[in-house]
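To start, the structure under review is shown below, and the notes come after it.
The values are calculated or read from the model by the stated rules, or taken from the named source; none is laboratory data. Computed from a predicted structure; not experimentally measured. Methodologically, a virtual Cβ is constructed for each residue, glycine included, from the backbone with ideal geometry; neighbour enumeration extends over all protein chains shown. Calculation scope for accessible area: heavy atoms of the full protein, side chains included, ligands and nucleic acids excluded. Shrake-Rupley method; radii C 1.70, N 1.55, O 1.52, S 1.80 Å.
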Amino acid sequence: MGLATVIGVLLLGWRVRQLEIVVLAVMASGLLLLTGAAAPSTARELSLVPALVVMGVLTLAVLPLARTLKAATPVLAGIAFAVVAVAARNVAGKPLVELVLHPLTWLMVVAAFVGQACIATALQRVSATSAVASMDATTVVIGSVAGLAVMGDQIAAGREWWVVLGVLLVVSGVLVLGSVSRPAPALVPAGGER
């Protein structure tokens, strides 16, 4: 999030408000807590059919939801990219031929396209900082929950409170950015002239 913001400011001329910088710092602190709470472990491979069903439904639900819940497109992009992250963990390390033929690889590609469509839409509606931060935070939180709940990820002993505080900081940051984000300037004037 921070790197995208720095690149946006330096190369694309984004204007970032002080509140956005503060919220990004708070969210980064939450992500560091989540990362630091992880204990070394090997991820369990998910059962193929249930994984395809659950992640496929999530991916396919994102586009219609993006049409009706326009303000939620950054979060919906995050959901799609969380599907990419979870699917990638299941196909990582497989031989090339098996990787190309694996159904989760193709679900990962579809979810990536859905996520890109949602974030492109979000960038037209809210500030870039808010859109990217909301998307990334959603991806991290959903990916973390999936890792803990079904993939065998573990929390280091005594660091459970890091997870609670980290999630609280990340989710609070998303909510704050969502409440103060402003729409991007119109690309086409209201009269329709270019």
With +1 at each Lys and Arg Cβ and -1 at each Asp and Glu Cβ, the charge dipole magnitude of the chain around its Cα centre, to the nearest 20 debye, comes out at 400 debye
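I'd like the carbon and sulfur percentage of the solvent accessible area for the chain, probe radius 1.4 Å, heavy atoms only, ligands and nucleic acids excluded.
Working: 7880 of 10990 Å².
Whole-percent figure for carbon plus sulfur exposure: 72.
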Sequence-distant residues sharing a close amide H with Trp14 (under 5 Å, placed H): Val9
Given H placed 1.01 Å from N in the peptide plane, which residues other than close sequence neighbours of Ile155 have an amide H under 5 Å from its amide H? Ala39
Accessible surface of Arg89 in the full protein assembly, 1.4 angstrom probe, to the nearest 10 Å²? 100 Å²
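By the gyration tensor of its Cα atoms, with a ≥ b ≥ c the square roots of the eigenvalues, what is the shape of segment 11-87: rounded for a/c under 1.5, prolate for a/b over b/c, or oblate? Could you put the intermediate results ahead of the total?
Working: a/c = 3.07, a/b = 1.25, b/c = 2.45.
Here segment 11-87 falls in the oblate category.
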To the nearest 10 degrees, how steep is helix 103-125 against the longest Cα principal axis of the chain, on a 0 to 90 scale? 20 degrees
Would you compute the Debye intensity of the chain from its alpha-carbon atoms alone, equal scatterers and no solvent, and pass along log10 I(q)/I(0) at q = 0.08, 0.11 Å⁻¹ to two decimals? -0.30, -0.55
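Can you give the accessible area per residue of the chain, in Å², using a 1.4 Å probe? Working shown, then result.
Values: 10990 Å² over 194 residues.
For the chain, the solvent-accessible area averages 57 Å² per residue.
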Normalising by the residue count of the chain, find the relative contact order in percent from Cα pairs under 8 Å and 6+ residues apart. 35 percent
